[in-house]
Amino acid sequence: MRRVIVTRPREHAERLAARLSAIEMEPVIVPTVAFAPPATYAPLDDAVRHLDRYAWILFTSRTGVRVFFERMAAGPRALPEHLRWAAVGPGTAEALRGRGIREVWIPSRYLSEAAGAELPAQRGDRVLRIRAEAASPLPAERLRGRGVEVDEVVAYRTVLGPPESVPLLRQAVALGADGVIFTSASTVRGFARLIQVAALEHEIGRLTLIAIGPVTAEAIRALGWPVHLVAAEHSVDGIAVLFEGRHVDAASGLARN
């Protein structure tokens, strides 16, 4: 069995950990990011009060879904019947369905720029985007370039390298972790901060670095690190597929056919 570090926040990591365990991998959860409230909820609360303005609402994460519905419950307010729902990928769509939203649009590629390019909004439509403070501007830019109005509101902040994860990382390395799975650019940056604090930079050269998709892979390369594996489908399932039906080369730690 090969041991891999899962960098997702603990509340989001369980499904990936279960998939890996089912294919005889050994996941070790070391959250490299945590979530915190925004400086103010005022813009989000204003958007919630005026949902009838919007044709579409676009979510870029499970956390955004959770915070949105928490602010809705503080009302409480009814959802407009005409409102259409969109998610950047299947995990976020699953979170919406868990809230009773049956029809959720997702792009053909689970990337933020694909959502901006492909969302079937019409010129003149108004879209509400629920995002993290440091989220990519690309979806809104693509939509505005198509003549769609976009209001963006911050639902949460991403905290990089939470201090409580430093001992978890040290323990994972001491146990002999073989690789690291990154599920966003922020998990990469958070990991970089953690290994610096833990004085473990020298360990990077022996770890297999795995990215959920090209944006995450680019964040890894921006640090001067190699990218060994990238999921073809940019999702938890896509990461699991990288290892299903493969064995792990004992010398390099890379999954090979």
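The values are calculated or read from the model by the stated rules, or taken from the named source; none is laboratory data. Values in this document were obtained by computation on a predicted structure and should not be read as measured data. Neighbour counts run over all protein chains shown; Cβ positions are idealised from the backbone, glycine included.
Structure data summary
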{"read-out": "Test for Ala140: is it aliphatic (A, V, I, L, M), under 22 Å from Pro107 (Cβ atoms) and touching a Phe, Trp or Tyr at 6+ places or on another chain (Cβ under 8 Å)", "value": "no"}
{"read-out": "Among the residues listed as Val154, Val150, Val166, Val188, the single one being among the β-branched types (Val, Ile, Thr), under 30 Å from Ile57 (Cα atoms) and assigned by TED's automatic domain parsing to the domain that holds Pro214", "value": "Val188"}
{"read-out": "Residue match in region 5-13 (condition: modelled with pLDDT under 95, under 16 Å from the mean Cα position of the chain (by Cα) and farther than 24 Å from Glu164 by Cα)", "value": "no"}
{"read-out": "Count of region 175-184 residues which are buried (at least 21 other Cβ atoms within 10 Å of the Cβ) and either in contact with a Ser or Thr (Cβ under 9 Å, 6 or more places away or on another chain) or assigned to a helix (DSSP H, G or I) (or both)", "value": "6"}
{"read-out": "Flag for Leu160 being aliphatic (A, V, I, L, M) and exposed (fewer than 15 other Cβ atoms within 10 Å of the Cβ)", "value": "no"}
{"read-out": "Residue that is surrounded by the fewest Cβ atoms within 10 Å (Cβ to Cβ) [pool: residues in region 196-254 that are at pLDDT below 90 and among the polar types (S, T, N, Q)]", "value": "Ser252"}
{"read-out": "Residues satisfying the stated conditions in region 1-39, i.e. among the acidic types (Asp, Glu) and either farther than 20 Å from Arg206 by Cα or in a loop (DSSP other than H, G, I, E, B) (or both)", "value": "Glu11, Glu14, Glu24"}
{"read-out": "Long-range neighbours under 7 Å by Cβ, at least six apart or interchain, first residue part of a loop (DSSP other than H, G, I, E, B) within region 115-141, second at pLDDT below 90 and crowded, with 18+ Cβ neighbours inside 10 Å", "value": "Ser136/Ser112"}
{"read-out": "Residue, surrounded by the fewest Cβ atoms within 10 Å (Cβ to Cβ), within region 40-80, restricted to residues that are in a loop (DSSP other than H, G, I, E, B) and in contact (Cβ under 8 Å) with a residue 60 or more places away in the chain", "value": "Ala55"}
